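The values are calculated or read from the model by the stated rules, or taken from the named source; none is laboratory data. Since we're looking at a predicted model, the values are computed, not measured. We place every Cβ from the backbone using ideal geometry, glycine too, and count neighbours over all the protein chains shown. To get the accessible areas, we keep the full protein, side chains included, count just its heavy atoms, and leave off ligands, DNA and RNA. Shrake-Rupley method; radii C 1.70, N 1.55, O 1.52, S 1.80 Å.
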Amino acid sequence: MASSSLPKVALESTVISHGLPYPQNLALAREMEQIVREHGAEPRTIGIIKGELIAGLNDEQLQLLATSHSVRKVSRRDLPVVKAQKSNGATTVATTMWIAHRAGIEVFATGGIGGVHRGVGTDISADLQELAQTPVIVVCAGAKALLDLPATAEYLETFGVTTVGYGSDEFPAFYSRESGLKVDVRCDRAQEVSAIWQAKRELGLLGGLLVGVPIPAEYEIPAAEIEPLIEQAVKEAEQKGMRSAAVTPFLLQRINELTGERSLRANLALLKNNARVAAEIAVALT
């Protein structure tokens, strides 16, 4: 993909291949890229095609990831395998961060990050360690609500990841605008986020910056409504013996069924909103 002088925003591809059915997945990918462009930045959807790490998929490659049933969900540990086997892969939050940094991209928009799963707390997403070590601003709607949010927040604190509430004093809870968990700092403008990022760079601190953007109010599902459904889906996953990479896609699909697709509409809305905010932050960095 030819580059321009515009600031860049990375977008992940797991939501395309594993998050939504076709053709909604392809429509969302194109719409998120368009939103980034409309707000003054250049979108770079990240993925892996025949073992090649690509920071800026073209439309043909987007269609491949949206329609193929053999696309592997790739976290950092899978990178050498996918490259060696020349496979097609969709990048998780962790892998998108790693490839974005490698390509010189500082801002990344996603839906929700992974975190500490509910239960005994031994199932922990690689996203958290990537945030602790890779210098990228990650714009999200918080950690996915199906996780143990207090434990996830504690993990981020332990590993020195600064959390920003964008227009909020609390870290958002994906479907819900509030979680009861305070962020390290509130920012109401993209320029404030940019200033914190520049200060972090000047101090030589490792790792990323996590910017939590509450879901648009009209699409919010209050915690009191969504929590019983999440608990039901989690119990079903446990009964099926699911772990690690298999858990999140199952839970998201089950919650979508239980909410009558209300959660799907919320998911789409927050992804688009995060793309807008990420573009504004990328522009502010320049």
If amide H atoms are modeled at 1.01 Å from N in the peptide plane, then the residues at a separation of 5 or more from VAL9, or on another chain, having amide H under 5 Å from its own are GLU42, ARG44
Highest GNM mean-square fluctuation among THR162, THR45, THR110, for the chain with Cα springs under 10 Å, belongs to THR162
quick note, the stretch 140-257, DSSP beta bridge pairs, % antiparallel (nearest 5) is 20
If amide H atoms are modeled at 1.01 Å from N in the peptide plane, then the residues at a separation of 5 or more from ARG118, or on another chain, having amide H under 5 Å from its own are ASP148
Computed over the stretch 100-221, the relative contact order (Cα-Cα under 8 Å, seq sep at least six) in percent reads 30
Residue-normalised 222 nm signal for the chain, counting each DSSP H run of n ≥ 4 as -39,500 (n - 2.57), nearest 500 deg cm²/dmol, is -14000 deg cm²/dmol
A chain fully extended from VAL81 to LEU205 at 0.36 nm per residue, minus the present Cα-Cα distance, gains in nm 41.6 nm
Counting only protein heavy atoms with a 1.4 Å probe and every protein chain in place, the carbon and sulfur fraction of the accessible surface of the chain in whole percent equals 50
Sorting LYS73, LYS182 on solvent-accessible surface, 1.4 Å probe, most exposed first, gives LYS182, LYS73
Simple spin-label estimate for GLU227/THR286, 7 Å along Cα→Cβ, in nm, reads 4.4
Relative contact order in percent for the stretch 169-278 (Cα pairs under 8 Å, 6+ apart) equals 31
Quick calc: nm separation of the 7 Å Cα→Cβ label points for SER70 and LYS182 -> 5.4
Expressed in square angstrom to the nearest 10, the accessible area of ILE124 with a 1.4 Å probe stands at 70
Given unit charges at Cβ for Lys, Arg (+) and Asp, Glu (-), the dipole magnitude of the chain about its Cα centre in debye, nearest 20, is 880
When the charge dipole of the stretch 143-286 is computed with +1 at the Cβ of Lys and Arg and -1 at the Cβ of Asp and Glu, the Cα pointing farthest to the positive end, of VAL247, PHE171, ALA153, is that of VAL247
Expressed as a whole-number percentage, the relative contact order of the chain with C-alpha contacts under 8 angstrom and at least six residues apart is 20
Computed from the beta carbon distance with a Förster radius of 51 Å, FRET efficiency for PHE250 and ASN58 to the nearest 0.05 stands at 0.95
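Contour minus end-to-end for ALA217 and GLU154, with contour as 0.36 nm per residue of separation and end-to-end as the Cα-Cα distance?
On the way: separation 63, 0.36 × 63 = 22.68 nm, distance 2.65 nm.
Between ALA217 and GLU154, full extension yields an extra 20.0 nm.
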If the label point sits 7 Å along Cα→Cβ of ARG102, residues of the stretch 193-228 with amide N under 20 Å come out as 207-209
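Compute, for the stretch 140-286, the length of the dipole vector about the Cα centre, with Cβ point charges of +1 (Lys, Arg) and -1 (Asp, Glu) only. Units Debye, rounded to 20.
Roughly 460 debye, rounded to the nearest 20.
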Measure of exposure for LYS86: accessible area at 1.4 Å probe, Å² rounded to 10, is 140
Per residue, accessible area of the chain with a 1.4 Å probe, heavy atoms of protein chains only, in Å², comes to 44
Listed by chain and number, the aspartates and glutamates with an alpha carbon less than 15 angstrom from that of LYS83, same-chain partners under 8 positions apart left out, are GLU52
